[in-house]
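**Student:** I'd like to ask some things about the structure below.
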Amino acid sequence: MACIDFATLPQSPACVYRGNQAGANSVSVAFLDSMEMPRVVVATGGDDQAITCTVLSLVVDHANSGKAQITLEKIISSKESCASAIKGVRVTGDQTSGFRLFAVGYDQRLSMWLLNAHQDLSSTRIPLLRFLSSTPVDVKDINSLDWCTLQGSQGREKEYLVAGGEGMEILSFDKDIWNAANALTRCNYLLVTCGAGFSADSGLATYEHMPEKYRELCDPLRLVDNPSEFQLFWSKFAQLYSDTKSHKGYDILEKWCGGGKLQNLCRASHGDLPQSSPWWIYSSNVDGHFGRSQCFQQTICEIHGQAAEFRCSRAAGYSEGSRRQGLSWDKWNEVVASSVTSAHCANVTIPINCELDNLECKHCHLLARPNVLLFHDTDENVLRSINHERERYQQWEARAEKEVVGNHKHLVIIELGAGLNVPAVRNESEEVFKDTLRGIGTSSSSRSVTLIRVNPKDADFGEMIGQNTISICDKAENALLNINHVLSIM
């Protein structure tokens with residue numbers, strides 16, 4: 001930057017324009033670009049109840065005593081932005097997270113606006129300034145607005161706004177939802193990892209809240225020594241999962257992916273669909289609700305199977321090709337050996353219907369079992385289908401990581417409702433995140449990976465906290481609704 005000679009300060013304005021039709025009461029300035037070729041936005045609020053944003057470009061002539069040439073690029077005025085005179089405006093944000101504008105006036109409301117500073121200024125498709133939301137302020141005769149950003153103990157940043165008048169009120173804005181939406185708009189690949197909390201938002205009980213009988217009947221041995229109770233119990237669960245309506249978060253994810261809302265996802269026009277997909281679901285839930293959407297049917301890894309359907313139990317008494325030990329298993333394997341089985345038994349799943357007991361395989365007529373991985377389960381039919389999904393997912397994950405590292409792409413991992421009691425989903429999210437970060441190394445200017453963790457109690461990252469991690473302390477459905485709201489107006 002050129003040095004300023006205070007002895008020769010300018011005697012007249014370098015640039016004059018009319019921003020408001022009546023007195024301008026407040027002004028805020030933010031740099032939009034680099035300091036080498038800077039552009040600035042000047043926001044004003046006035047007695048005409050309008051917010052005006054003016055984009056100026058600055059060109060420093062180093063060969064001519066460092067004089068700056070100012071060019072007025074665009075003036076946008078949002079009339080009747082406030083129900084009364086606007087007394088304070090503040091522009092916040094940066095090039096990475098985007099820009100927001102806050103305004104407050106005599107109507108005692110704080111409004112928040114999206115500032116689309118990086119769009120083509122000649123375009124009229126997307127307004128430069130777009131309303132997001134507003135909230136009441138108790139202070140009367142407001143005459144000022146200021147803000148600052150503070151970092152908490154876990155590294156989370158919050159913006160605090162102070163409205164002053166007949167007293168003072170402090171309001172906070174959680175940047176996590178905003179930052180998550182920003183990361184999603186840029187992502188080329190999306191990995192959605194889901195734990196029990198995501199299923200619970202549909203009203204389904206998590207493992208901690210299941211009846212005591214659930215823990216007992218999660219043992220495949222109960223199929224052998226108490227088949228009637230085992231089948232009735234699991235078929236009722238299957239019916240419950242089938243009858244339960246999926247929460248709105250599923251629809252939002254479908255709109256982001258199959259609906260095209262995340263426009264930067266790398267949708268391939270050819271190739272094997274699962275591997276060419278820019279998204280994948282990794283879930284520990286067994287309710288089968290993701291399978292209701294055609295968008296996700298071929299791009300999901302359900303690591304515990306799916307309890308909403310049944311399958312033949314002929315392989316339940318074997319472990320890695322050998323018979324399981326014990327009197328009950330000996331009797332079961334004798335029954336299996338005397339049955340006429342076929343290759344179809346291993347591949348066909350049985351959808352739940354109104355018959356809640358005496359479910360059987362239609363090929364060999366052996367009892368059917370839930371297509372879900374139970375405690376100490378060694379059924380190769382269940383394991384085979386789960387392992388197949390794992391292999392397909394791992395191939396996709398390796399390809400997405402390679403694209404990020406080698407072809408300058410952006411990966412977002414959004415983890416929904418994965419707690420600490422069964423950490424398999426959290427571990428997978430963190431492993432993919434760390435592996436991709438290691439691949440990127442220090443050169444991350446044109447490639448990135450972001451991990452968004454959504455959990456009402458355990459959203460922290462511990463030592464992993466950093467600029468590539470976003471914590472949202474909320475239930476999954478509500479967080480997705482809030483993120484989607486921001487995406488809808490970006």
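**Student:** Give me the pairs: first residue in the stretch 281-300 and without any contact (Cβ under 8 Å) to a residue 24 or more places away in the chain, second residue open to solvent by 10 Å² or more (accessible area, probe 1.4 Å) and in a loop (DSSP other than H, G, I, E, B), beta-carbon distance under 9 Å, and six or more apart or on different chains, which are they?
**Tutor:** GLY291/GLN297
**Student:** What residue, among those in the stretch 300-328 that are more than 30 Å from CYS194 (Cα to Cα) and touching a strand residue (DSSP E or B) at 6+ places or on another chain (Cβ under 7 Å), is least open to solvent (accessible area, probe 1.4 Å)? Steps first, answer last, please.
**Tutor:** Start the filter on the stretch 300-328 by keeping residues that are more than 30 Å from CYS194 (Cα to Cα), which leaves 314, 317-318, 321-328.
Checking the rest, the ones that are also touching a strand residue (DSSP E or B) at 6+ places or on another chain (Cβ under 7 Å) come to 317, 324.
On the way: GLY317: 0, ARG324: 44 Å².
Top of the filtered list is GLY317.
**Student:** Then there is this: For the stretch 436-448, indicate whether the set of residues that are surrounded by 22 or more Cβ atoms within 10 Å (Cβ to Cβ) and either in contact with a strand residue (DSSP E or B) (Cβ under 7 Å, 6 or more places away or on another chain) or within 16 Å of SER283 (Cα to Cα) (or both) is non-empty. Let's see the steps before the verdict.
**Tutor:** Pass one, the stretch 436-448, residues surrounded by 22 or more Cβ atoms within 10 Å (Cβ to Cβ): 436, 448.
Next, only the ones that are either in contact with a strand residue (DSSP E or B) (Cβ under 7 Å, 6 or more places away or on another chain) or within 16 Å of SER283 (Cα to Cα) (or both) stay: 436, 448.
Yes, the stretch 436-448 contains a residue that is surrounded by 22 or more Cβ atoms within 10 Å (Cβ to Cβ) and either in contact with a strand residue (DSSP E or B) (Cβ under 7 Å, 6 or more places away or on another chain) or within 16 Å of SER283 (Cα to Cα) (or both).
**Student:** Now for a different question. Which one of the conditions (1) at pLDDT below 90; (2) outside any loop (DSSP other than H, G, I, E, B) does TRP280 fail to meet, given that it meets all the rest?
**Tutor:** (1)
**Student:** Return the total of residues in the stretch 156-176 being modelled with pLDDT under 90 and of a type in the set (Val, Ile, Thr).
**Tutor:** Number satisfying all stated conditions: 0.
**Student:** Look through GLU415, GLU428 and report the one residue that is in contact (Cβ under 8 Å) with a residue 60 or more places away in the chain, under 15 Å from ILE303 (Cβ atoms), among the acidic types (Asp, Glu) and open to solvent by less than 10 Å² (accessible area, probe 1.4 Å).
**Tutor:** On the way: GLU428 fails: open to solvent by less than 10 Å² (accessible area, probe 1.4 Å).
From the options GLU415, GLU428, the qualifying one is GLU415.
**Student:** Run down PRO370, PRO351 and say which single residue is at pLDDT below 85 and not polar (S, T, N, Q).
**Tutor:** Every option except PRO351 fails the conditions.
**Student:** Please determine whether any residue of the stretch 330-351 is charged (D, E, K, R), open to solvent by 70 Å² or more (accessible area, probe 1.4 Å), farther than 15 Å from ASP219 by Cα and within 44 Å of the chain's Cα centre (by Cα).
**Tutor:** Just the residues of the stretch 330-351 that are charged (D, E, K, R), to begin with: 330-331, 334.
Imposing the further condition that a residue be open to solvent by 70 Å² or more (accessible area, probe 1.4 Å) reduces the set to 331, 334.
With the extra rule that they be farther than 15 Å from ASP219 by Cα, the set shrinks to 331, 334.
This time we only want the ones that are within 44 Å of the chain's Cα centre (by Cα), so: none.
Checked the stretch 330-351: no residue is charged (D, E, K, R), open to solvent by 70 Å² or more (accessible area, probe 1.4 Å), farther than 15 Å from ASP219 by Cα and within 44 Å of the chain's Cα centre (by Cα).
**Student:** Is it true that some residue in the stretch 382-399 is of a type in the set (A, V, I, L, M), free of Cβ contacts under 8 Å to residues at least 12 places away in the same chain, closer than 21 Å to PHE290 by Cα and open to solvent by 20 Å² or more (accessible area, probe 1.4 Å)? Walk me through it before giving the result.
**Tutor:** Filtering the stretch 382-399 for residues of a type in the set (A, V, I, L, M) gives 382-383, 386, 398.
Still in the running and free of Cβ contacts under 8 Å to residues at least 12 places away in the same chain: 383, 398.
Now restrict to residues that are closer than 21 Å to PHE290 by Cα: 383.
From what is left, the residues that are open to solvent by 20 Å² or more (accessible area, probe 1.4 Å) are 383.
Yes.
**Student:** Sticking with this one: Quick one: which of ASP120, ASP107 is of a type in the set (Asp, Glu), at pLDDT 90 or above and part of a loop (DSSP other than H, G, I, E, B)? If you could, list the steps in order and put the result at the bottom.
**Tutor:** On the way: ASP120 fails: at pLDDT 90 or above.
From the options ASP120, ASP107, the qualifying one is ASP107.
**Student:** Checking THR92 against (1) open to solvent by less than 60 Å² (accessible area, probe 1.4 Å); (2) at pLDDT below 90; (3) assigned to a loop (DSSP other than H, G, I, E, B), only one condition comes out false. Which one?
**Tutor:** (3)
**Student:** Of all residues in the stretch 13-67, which are modelled with pLDDT under 75, farther than 26 Å from MET112 by Cβ and either under 35 Å from the mean Cα position of the chain (by Cα) or open to solvent by less than 80 Å² (accessible area, probe 1.4 Å) (or both)?
**Tutor:** Hits for the stretch 13-67 are SER34, MET35, GLU36, MET37, VAL60, ASP61, ASN64, GLY66.
**Student:** Is the stretch 355-363 home to any residue that is open to solvent by 50 Å² or more (accessible area, probe 1.4 Å), farther than 24 Å from LEU253 by Cα and in a strand (DSSP E or B)?
**Tutor:** Yes, there is a match, as at least one residue in the stretch 355-363 is open to solvent by 50 Å² or more (accessible area, probe 1.4 Å), farther than 24 Å from LEU253 by Cα and in a strand (DSSP E or B).
The values are calculated or read from the model by the stated rules, or taken from the named source; none is laboratory data. These figures come from a predicted structure and were not determined experimentally. Every residue, glycine among them, receives a Cβ derived from its backbone with ideal geometry; neighbour counts consider all protein chains shown. In case anyone asks, the SASA skips ligands and DNA or RNA and just uses the protein heavy atoms, side chains included. Shrake-Rupley method; radii C 1.70, N 1.55, O 1.52, S 1.80 Å.
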